[in-house]
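Here is the structure we will look at, set down as structure tokens.
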Amino acid sequence: MVGAALVGLAYQARMVSGAFRDLRSAASDHRSRAGLHAVLLAAGAAIGTVLIGKVVFDLRPLYTVLALGLSVLGASICARSAGLTDLSPLGTVGQVTQAVYGALAPAQPAVNIAAGSVVAGAATQTSVLLWSLKAGRLLRAPLRGQVVAALAGCVVGALLCMPAYGLLLRAYGLTSTDLPMPTALQWKVMGEVVAQGLAALPPGALRAVAAATVVGIVLAALEERGARRFVPPAFAVGIGALVPFDYSLTIACGAAVVVVGGRFWPWLRSAGAGVAAAGLIAGDSLVGVAVALLRSFGAL
């Protein structure tokens with residue numbers, strides 16, 4: 001996965017330069033400057049982030065301010081990439097930040113991950129918001145209503161997500177077989193390696209990392225060169241190695257159902273697969289939260 005991220009970052013270098021141009025243009029164009037209310041809202045959010053970073057994660061204010069500055073660049077890169085390719089390099093942006101903080105705050109993996117999460121979180125929400133606004137535009141929804149709904153969603157999400165996370169954590173445990181969290185494991189390993197150096201790796205792991213990195217680079221380069229149909233995505237292979245086997249098998253079965261079923265029912269490939277997948281994920285999530293709630297009360 002690291003090898004694929006490096007190749008992706010190299011191929012997206014034009015996104016970085018384009019993001020710098022966008023930021024310079026926004027700074028020089030007086031007509032595009034935010035109004036007073038937007039400036040006050042951004043300042044309040046920044047101050048709140050600095051305070052939460054200090055109280056919850058013990059992040060020095062200077063580190064948080066730097067992370068917020070990197071968030072602007074990271075969000076711009078992901079926004080440009082999402083607009084041009086419909087893909088967003090969220091993991092790459094976060095892990096580049098981890099590498100930066102590995103030099104600024106060595107031997108502090110918690111600081112490393114927390115700072116990287118600030119940047120990756122801003123980049124994630126930027127890409128998701130752009131996709132949501134695009135869908136709203138296609139549905140001819142008013143822009144003002146979409147913005148108000150997004151702001152309301154931020155408040156409601158902040159009030160609901162943390163209790164839900166705590167509920168799932170108590171019921172299933174972190175990185176358990178029921179809640180494997182492969183992306184979190186990737187961030188944890190990256191934070192440990194950057195903070196502690198190669199000593200954080202177990203014996204023989206360095207050779208395995210080197211070999212896997214080379215394989216990831218080759219697979220990602222072949223994908224970028226047009227051989228996507230003939231090689232497996234490096235990120236998919238990496239995630240498949242991190243999650244339990246039954247998860248990987250289920251994902252493969254779902255893909256096979258769409259490919260085979262799409263030959264008999266073309267609508268399954270065009271629109272049916274996305275709608276059915278969304279329903280399955282939503283249903284599974286609701287059941288998972290319900291089970292966690294029952295476990296917390298001792299009913300299961």
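Since every read-out is calculated from the coordinates, none of them should be taken as a lab result. On a predicted model such as this, the values are computed, not experimentally measured, just so you know. Cβ sites come from the backbone with ideal geometry, for glycine too, and all protein chains shown count toward neighbours.
See the values below:
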| item | result |
| --- | --- |
| Inter-site label distance for Val258 and Arg295 at 7 Å from Cα along Cβ, in nm | 2.8 |
| Spacing of the two label points (7 Å from each Cα toward its C-beta) at Ile251 and Val65, in nm | 4.1 |
| Over segment 225-300: Kirkwood hydrodynamic radius from C-alpha pairwise inverse distances, Å | 15.1 |
| Neighbour net charge for Thr250 - beta-carbon separation under 15 angstrom, K R +1, D E -1 | -3 |
| For Val96, Val147, order by how many other beta-carbon atoms lie within 10 Å, fewest first | Val147, Val96 |
| Cβ-Cβ FRET estimate between Arg144 and Leu169, R0 fixed at 35 Å, reported to 0.05 | 0.40 |
| Order by protection proxy (mean Cβ within 10 Å, highest first), peptides 215-222, 282-289 | 215-222, 282-289 |
| Likely footprinting exposure, Tyr247, Tyr63, fewest C-beta neighbours within 10 Å first | Tyr247, Tyr63 |
| Relative exposure of Arg229, Arg263, judged by other C-beta atoms within 10 Å (fewest first) | Arg229, Arg263 |
